[in-house]
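Encoded as structure tokens, the structure appears first; notes follow it.
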2 protein chains.
Amino acid sequence: MFHSNTNYQRLQGSYLFSTIARKVNAFKETHPEVELIRLGIGDVTQPIAPSIIKAMHAAVEEMGNPDTFHGYAPDLGYDFLRKAIAGEYREMGCSIAEDEVFVSDGAKSDSANIQEIFHKDAKVAVCDPVYPVYVDSNVMAGRSGEWETEKNRYSRYIYMTCSEENGFTPEFPEEDPDMIYLCFPNNPTGMTISKEKLQEWVDYANRIGAVIIYDAAYEAYISDPEVPHSIYQCSGAETCAIEIRSFSKNAGFTGVRLGFTVVPKALKDADGISMNSLWARRHGTCYNGAPYIIQKAGEAVYSEQGQKEIREQIAYYMKNAAYIREGLESIGLTVYGGVNAPYIWLKCPDGMDSWTFFDRLLTEAHVVGTPGSGFGAAGEGFFRLTAFGTYENTVAAVERIKAWLA
Amino acid sequence: MFHSNTNYQRLQGSYLFSTIARKVNAFKETHPEVELIRLGIGDVTQPIAPSIIKAMHAAVEEMGNPDTFHGYAPDLGYDFLRKAIAGEYREMGCSIAEDEVFVSDGAKSDSANIQEIFHKDAKVAVCDPVYPVYVDSNVMAGRSGEWETEKNRYSRYIYMTCSEENGFTPEFPEEDPDMIYLCFPNNPTGMTISKEKLQEWVDYANRIGAVIIYDAAYEAYISDPEVPHSIYQCSGAETCAIEIRSFSKNAGFTGVRLGFTVVPKALKDADGISMNSLWARRHGTCYNGAPYIIQKAGEAVYSEQGQKEIREQIAYYMKNAAYIREGLESIGLTVYGGVNAPYIWLKCPDGMDSWTFFDRLLTEAHVVGTPGSGFGAAGEGFFRLTAFGTYENTVAAVERIKAWLA
């Protein structure tokens with residue numbers, strides 16, 4: 001009789017945000033009168049900007065007319081969007097060609113699928129705490145080794161601990177990895193990496209022959225000119241880095257679904273095989289392109305009016321971030337992030353563990369956040385709040401937390 | 001230094017339709033004056049139906065308003081759409097629950113990704129000829145064995161030859177497989193399977209402990225009441241079958257992107273592990289849901305007006321299918337399919353091989369089709385035409401072919 005993928009049995013519990021959703025729903029059922037404020041899952045609340053809405057209406061109209069109808073999209077993305085993306089890189093001083101850009105339905109899919117083009121025995125390095133998708137997708141693919149309960153870690157991963165001691169930036173691991181996942185501005189800690197430090201990582205990866213999978217989903221929140229927006233701003237990154245980007249956080253596309261991944265043609269494995277051609281093959285075989293309507297929405301993001309409108313949204317969320325940060329600091333909490341990132345990473349007071357803080361915040365203050373330990377063993381004792389709520393809710397949540405901890 | 005996925009090196013050439021696109025583009029460059037008619041790739045030409053366009057406009061409007069904005073969708077699909085799909089199954093007499101339906105961005109993605117929840121050593125049975133995605137996705141996952149050039153086949157696959165001799169319906173293989181890919185109405189042959197014969201396959205799969213991955217993307221084209229629309233119309237299918245469905249061909253969503261997969265909760269592996277829970281975990285970890293706007297479009301397909309409009313589109317394409325079939329038969333060609341399916345599978349005349357027929361049809365008759373050998377060794381000597389063109393182009397293409405072969 002048939003067997004299933006045995007690697008799935010090594011996954012720990014359910015996906016973090018599903019667990020949170022279950023706990024929240026259970027509380028709501030027993031307390032239907034309570035109005036919860038959600039600063040947990042990184043979902044945005046501001047509507048899609050007017051110029052993007054206009055572009056989507058126009059695209060919908062095209063789809064209803066025989067002369068302008070669009071069937072199958074090019075697997076790798078429409079030229080108009082790949083050109084706009086390559087243009088943005090040019091403006092950042094990075095030379096990324098259109099055929100190095102692969103349009104997709106979002107950064108989560110790409111983050112999970114990118115490991116498929118690597119060798120099954122590749123050694124994987126991840127930060128701790130970390131966005132769970134990098135970890136889980138490699139568990140499913142069989143690269144994790146066994147789960148070690150006493151360590152709260154997988155035996156075969158190379159963990160790079162990000163702690164208060166190292167300012168939440170990873171250090172080079174002792175053992176050489178093949179794949180290194182980095183995310184800056186970081187989810188969950190909201191911390192950034194300097195261009196100088198990122199250059200060191202690029203040099204390190206080139207030296208040992210590893211690939212950095214660089215998740216830049218939150219680059220739009222960077223205001224500090226010393227913080228790089230792309231890994232390709234570092235010299236030599238084209239031979240050692242893949243970059244994943246999202247429209248979810250810069251333009252509020254969490255429910256619209258659009259992202260892209262850059263795989264430079266100069267990135268080659270030990271046998272000289274082009275990773276760009278492997279990803280093109282994976283995309284062409286296992287994916288059928290993002291919807292025309294959605295790609296037109298993505299194009300509108302790059303228009304002058306679109307840029308103006310999304311900058312206003314980002315400023316709105318960063319005002320929230322500052323409010324949370326300052327509010328929590330004012331009552332003596334230790335707070336990280338929230339400056340060049342929409343995430344605030346706070347140290348749970350009184351030595352509380354992350355899930356206790358989650359449960360108490362939910363049931364006593366009626367605010368939903370994300371327990372730091374859900375992002376890895378090193379996240380224990382920390383807690384993530386997001387700036388993606390409405391300003392009114394953000395203010396109310398901070399007031400609730402202040403009153404609760406007073 | 002890092003290595004890439006070695007399985008990719010076993011892939012033969014590029015994805016079939018990419019090769020065709022390259023050949024067509026090369027011809028167009030040297031013959032810019034020629035107007036080609038494309039009956040090759042299975043892409044539709046009729047615009048999206050009015051009631052669906054209306055639903056998408058309304059959904060776009062919602063996304064631009066703070067009170068009706070939708071962020072992250074539920075990973076597995078919105079309830080409104082899963083309910084509509086489960087309702088359609090109920091009308092067909094199949095008891096499929098909402099939580100057995102997984103909404104996705106299309107049948108191609110699901111066809112390629114579904115193998116991930118199976119054991120890495122699972123034995124795979126495919127028809128020959130076959131939709132290349134089943135073959136290539138399992139090559140990438142390492143289940144194919146080596147490519148054997150002399151046989152034009154992979155060493156570890158179990159091939160079920162579909163030929164004129166067996167009416168293009170597969171027979172039970174001699175060796176027991178773990179995964180069996182079946183597609184009816186068939187792509188590429190356009191042939192169907194009777195309910196009685198499909199019941200035999202379900203009984204066989206249950207007996208040997210295999211899973212049938214049933215691709216029903218073309219079910220909307222069935223008019224014969226004896227031909228099943230779903231494998232769940234056979235008794236016992238819930239313990240041995242996964243069904244993949246598409247909105248691309250029934251509602252013209254090739255550029256809109258929507259599909260779904262049914263994984264019954266009763267489907268369990270040798271250790272009693274629920275395949276439904278594994279697919280839910282894969283979906284939740286590696287995917288972030290189909291866009292709200294697109295799921296609302298899917299809902300509109302199930303409305304009374306939507307059903308009326310898409311039935312007209314299907315009738316339009318089936319009129320094309322009949323025209324091709326009758327036209328080619330009138331000049332003495334041997335033709336299969338095109339009755340309960342939008343594909344016409346013709347035998348190349350004069351013992352011509354498939355790619356020669358493709359090249360001559362392209363350069364001499366200026367019609368683009370798909371060489372049968374692109375779908376597998378047993379497709380050699382055959383050729384696929386699709387009914388998805390406009391009626392005017394379909395008529396013109398048939399006249400060109402008639403004139404060319406006269």
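The values are calculated or read from the model by the stated rules, or taken from the named source; none is laboratory data. Predicted, not measured: the structure shown is a model, and the values here were computed from it. Using ideal geometry, Cβ is built from the backbone for each residue, glycine included, and neighbour counts are taken over all protein chains shown. Please note that ligands, DNA and RNA were not included when accessible areas were found on the heavy atoms of the full protein model with its side chains. Shrake-Rupley method; radii C 1.70, N 1.55, O 1.52, S 1.80 Å.
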* Structure fact -> For region A:389-406, in residue order, the Karplus 3J(HN,Hα) values (coefficients 6.51, -1.76, 1.60; θ = phi - 60°; whole Hz; Gly and Pro = x) are x, 6, 4, 4, 5, 5, 4, 4, 5, 4, 4, 4, 5, 4, 5, 5, 8, 5
* B:Ile180's amide H: which non-local residues (gap 5+, or another chain) put their own amide H closer than 5 Å, with H modeled 1.01 Å from N in plane and none for Pro or chain starts? -> B:Ala125, B:Val211, B:Ile212, B:Ile213
* Asked: Roughly what % of DSSP beta bridges within chain B run antiparallel, to the nearest 5?
  -> 55 percent
* Structure fact -> Residues whose modelled amide H sits under 5 Å from the amide H of A:Gly106, counting only those 5 or more places away in sequence or on another chain, are A:Gly259
* Asked: Using alpha carbon centroids, what distance separates region A:46-71 and region A:89-103, in Å?
  -> 25 Å
* Tell me, rounded to the nearest percent, the portion of alpha carbon pairs in region B:116-225 spaced more than 21 Å apart. => 35 percent
* Would you pull out the residues with amide H under 5 Å of B:Phe118's amide H, same chain only if 5 or more places away, H placed 1.01 Å from N? => A:Asn5
* Between copies, how far does the label point of A:His31 sit from its twins, in nm, shortest first, when each point is 7 Å from Cα along Cα→Cβ? -> 7.3
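If you count, for every residue in A:287-300, the Cβ atoms of partner chains within 10 Å of its Cβ, what is the mean?
Details: counts 7, 13, 6, 4, 12, 4, 10, 5, 1, 0, 4, 0, 0, 0.
Mean inter-chain Cβ contacts per residue within 10 Å come to 5.
Can you give the relative contact order of chain A as a percent, counting alpha carbon pairs under 8 Å and 6+ residues apart? Let's see the in-between values first.
On the way: 770 pairs, mean separation 90.7, N = 406.
Taking the mean separation of contacting Cα pairs over the length of chain A, I get 22 percent.
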* Just how far, in whole angstrom, is region A:122-172 from region A:229-253 if you go by their alpha carbon centroids? -> 21 Å
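Check each of the trypsin sites (Lys or Arg not before Pro) in region A:125-155 and keep only those in coil by DSSP with at most 12 other C-beta atoms within 10 angstrom; list them in order. Walk me through the intermediate numbers first.
Details: sites: A:Arg143, A:Lys151, A:Arg153; in loops: A:Arg143, A:Lys151.
Here the trypsin sites (Lys or Arg not before Pro) that fit, given the DSSP loop and packing criteria, are A:Lys151.
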* To do: Might you report the magnitude of the Cβ-based charge dipole of region B:308-385 about its Cα centre, with Lys and Arg at +1 and Asp and Glu at -1, to the nearest 20 debye?
  => 300 debye
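Can you pull the Kirkwood radius for region B:1-58, inverse mean 1/r over Cα pairs, to one decimal in Å?
On the way: mean 1/r = 0.0631 Å⁻¹.
The answer is 15.9 Å.
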* Charge dipole of the protein assembly as shown about the Cα centre (unit charges at C-beta), most positive-ward option of A:Ala403, A:Ala241, B:His283 -> A:Ala403
* For region B:349-406 and region A:184-227, compute the distance between their C-alpha centroids and round to whole Å. => 52 Å
* Ordered by packing density, taken as the mean number of other Cβ atoms within 10 Å over each peptide's residues, highest first, how do A:329-337, A:252-260 rank? -> A:252-260, A:329-337
* Structure fact -> To the nearest Å², the heavy-atom accessible area per residue of the protein assembly as shown with 1.4 Å probe amounts to 35 Å²
* Asked: Chains A and B: buried accessible surface, both sides, probe 1.4 Å, rounded to 100 Å²?
  -> 6600 Å²
* Which percent, to the nearest 5, of DSSP beta bridges fully inside the protein assembly as shown are antiparallel? -> 55 percent
* **Whole-Hz couplings from phi, Karplus 6.51/-1.76/1.60, listed for region A:365-382; x for Gly and Pro** => 9, 6, 10, 9, x, 10, x, x, 5, x, 9, x, 4, 6, x, 4, x, 10
* Any idea what the B:Arg207 label distances to the other copies are, label 7 Å down the Cα→Cβ vector, nm, shortest first? -> 6.4
* Quick one: Karplus J couplings for region B:210-221, per residue in order, coefficients 6.51, -1.76, 1.60, θ = phi - 60°, nearest Hz, x for Gly and Pro? -> 10, 10, 8, 9, 9, 8, 10, 4, 10, 4, 5, 8
* Structure fact -> Across A:62-73, the residue-averaged tally of Cβ atoms belonging to other chains within 10 Å stands at 6
* May I ask you to report, in nm to one decimal and beginning with the shortest, the distances from B:Ser95 to the same position in the other copies, taking label points 7 Å along Cα-to-Cβ? => 6.6
* 222 nm [θ] for chain B, helices only, -39500 (n - 2.57) per DSSP H run of 4+, per residue, to 500? -> -11000 deg cm²/dmol
* When the convex hull of the C-alpha atoms of region B:263-388 is computed, what volume per residue in Å³ does it have? -> 201 Å³
* Hey, if you drop one equal point scatterer on each alpha-carbon of region A:1-154 and run the Debye formula without solvent, what base-10 log of I(q)/I(0) do you get at q = 0.09, 0.17 Å⁻¹? -> -0.54, -1.19
